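J.: Here it is, the structure, as structure tokens.
Just so it is clear, none of the values below were taken in a lab; they were calculated from the coordinates. Quick caveat: nothing in here was measured; it's all calculated off a predicted structure. A quick note on method: Cβ atoms are made from the backbone with ideal geometry, for glycine too, and the neighbour counts reach across all protein chains shown.
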Amino acid sequence: MKQFSAKRSIQFLAHILKEYGIFNIIISPGSRNAPLAIHFSENDEFNCYSIVDERSAGFVGLGMAKSLKQAVAVTCTSGSAAANYYPAVTEAFYQNVPLLVLTADRPASFVDIFDGQTIRQKDLYQQHSYGDFQLLEDDDENADEENFALIKKAVELCFEKQGPVHINIPLTEPLYELVSELPVFPPIETTIQKKSYSLPSNLVADWNLSKRIMILVGTRDHSDELEMQLRQLAKNHSVVILTEATSNIKHEKFFSHIDRYIFNFDDADFQLYAPDLLITVGQNVVSKKIKQFLRKAHPKNHWHIDEHWQPDTFFALTEKIETKPETFFNRLLGQVNLEPRPYYNLWDVLRDKKDIKHTEYCMKTQFSDFKFFELLNQKVPENIKIHFSNSSAIRYAQLFDWKNTMYCNRGTSGIDGSTSTAMGFAMKNEGQTLLVTGDLSFFYDINGLWNNYIPPYTRIIVFNNGGGDIFKIIPGPNSTNALDEFILTKHHKTAEHLAAHFGFSYTKVDEEDTLARVLDNFFKTDTKPKILEVDTAGIENAAVLKGYFEFLK
């Protein structure tokens, strides 16, 4: 016989989540959130996942939401458990991933009296959430009506803003009162407002008068519609379109290796290649060089197109376009001049020169992190969705052409939840998911492997260079005595025992020919998920990468 929580607030919560189609619940263990764990797990309409570590659980929920393109709920007990969600909340905030954060709490009167597992949970994520709601306890006056309204408002805000929303739920003891039947709740009518967009005539005029139009696409999900629209704009060489690996749009006329083309720009180049109209789409860009370039360029007009964020990243923002890029370009395409502009040819000549140099360098490079990424790019099947960890991994990925859909936690650009995010994504991805991660990011987030839901077709590649090699690449750290121990964090750890502990097949390679052979079989079907460790700890990887950019001159 099914048993549900007798708490009315939890019954309302579950009913409203079902009405809005939120069926996936990440549950971390605890007693204060037991009413939620019992209620959701006993209800067949919910898919419940037990993730012990709340920091990992938050990122698992984020990855799952990205895979499904739907809101996911996470729930935990009170105290520091709730604080451990914060890294994932900030990432979801800056990526606009709909994450509903349900924290169980002691009664409000217990805060700051030194009761166990009690902190100031009300408004805990206020700086990085789109809404913070505190429910009333069941016995409070008008609790039913107010809680029903608050939960509905919170869920709709999560949908509208496509980001994290927090519901804090004070629960008095007893926590384990159960019922076998639930009351019948009425259906809910959504009140989410749809936005419309009209193209201002001055934008058409600015486009037609501009001689040097650049479109820069940052991090975003793949969109067939947007890709076709941008292809149409580039077809006649009307615009220069710069993309990154995480832009997830591809075409031969797009300029997809920004650092390859502009890394060695001097002040004269900054002026020569600068746009007069800059249009930015999506969120964070990985390339630091493009930020430096465009901040020096001072374009006359800068339009940013996004439903949620209009950041002045390049200190030149003139137009905040608060709509989907697909909607904007649909309005724009039929009204603007798409004649060829010499600006495209200027960039095209630069690209041809740098692409030849890239190919030459690849041919002469020996086994290294750089060579690993070149080989992986050649071997990975295009239907696999790839998650990259931050720091070196995503920067190396930028240097090569990928046919895959790519993901990376660029909201806050931290290494802390890369594995957990990828594993959450894999749990809901019908095809293969590949995580490509550096060693520090992998070891930092090993609890991302601590669950029973990782599909056997999941793949992880750890390129282990013995520390945070990014700090040998960027200027500054090499000049300090603290580099090895406190910044680079040298180590001699491997993933072998972790793989066995968590039930993964494991292979280690430390030279090029073996790596090429292993990659040929790595993506084939197996009964277990797999970890491949690529050991480059004895290689001067930073020198290889610096040599690459020197060679491009």
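J.: Going by the alpha-carbon gyration tensor, a ≥ b ≥ c the square roots of its eigenvalues, is region 228-382 rounded (a/c under 1.5) or, if a/c is not under 1.5, prolate (a/b greater than b/c) versus oblate? Don't skip to the end; give the middle numbers.
T.: Values: a/c = 1.66, a/b = 1.52, b/c = 1.10.
The shape class here is prolate.
J.: Taking θ as phi - 60°, what are the ³J(HN,Hα) couplings along region 102-108 by the Karplus curve (6.51, -1.76, 1.60), each to the nearest whole Hz, with x for Gly and Pro?
T.: Residue by residue, region 102-108 yields 10, 9, 6, 9, 5, x, 4 Hz.
J.: Let me ask another. Excluding residues fewer than 8 places away in the same chain, name every one of the lysines whose C-alpha is closer than 20 Å to that of Lys211.
T.: Lys235, Lys253, Lys296, Lys300
J.: Label Glu146 and Lys194 with points 7 Å out from Cα along Cα→Cβ: what is the distance between them in nm?
T.: Label at Glu146, label at Lys194, 3.5 nm between them.
J.: Can you work out ³J(HN,Hα) from phi for every residue in region 205-219, in order, using Karplus 6.51 cos²θ - 1.76 cosθ + 1.60 and θ = phi - 60°, giving whole Hz and x for Gly and Pro?
T.: Calculated HN-Hα couplings, in order: 5, 4, 4, 5, 8, 7, 9, 9, 9, 10, 10, 10, 9, x, 5 Hz.
J.: Between Lys546 and His492, what FRET efficiency comes out of the Förster formula 1/(1 + (r/R0)^6) with R0 = 25 Å and r the beta carbon distance, rounded to 0.05?
T.: Once the sixth-power term is evaluated, E becomes 0.50.
J.: Sort Cys76, Cys48 by Cβ crowding within 10 Å, fewest neighbours at the top.
T.: So the residues, fewest neighbours to most, are Cys48, Cys76.
J.: Apply the a/c threshold of 1.5 to the C-alpha gyration tensor of region 23-168 and tell me whether it is rounded, prolate or oblate.
T.: Verdict is rounded for region 23-168.
J.: Going by a ≥ b ≥ c, the root eigenvalues of the Cα gyration tensor, does region 259-319 fall in the rounded group (a/c under 1.5), the prolate group (a/b larger than b/c) or the oblate group?
T.: oblate
J.: How far, in degrees from 0 to 90, does helix 288-297 lean away from the longest principal axis of the Cα atoms of the chain, to the nearest 10?
T.: 70
J.: What FRET efficiency comes out for the pair Glu512/Asp348, r = Cβ-Cβ distance, R0 = 30 Å, nearest 0.05?
T.: It comes out at approximately 0.35.
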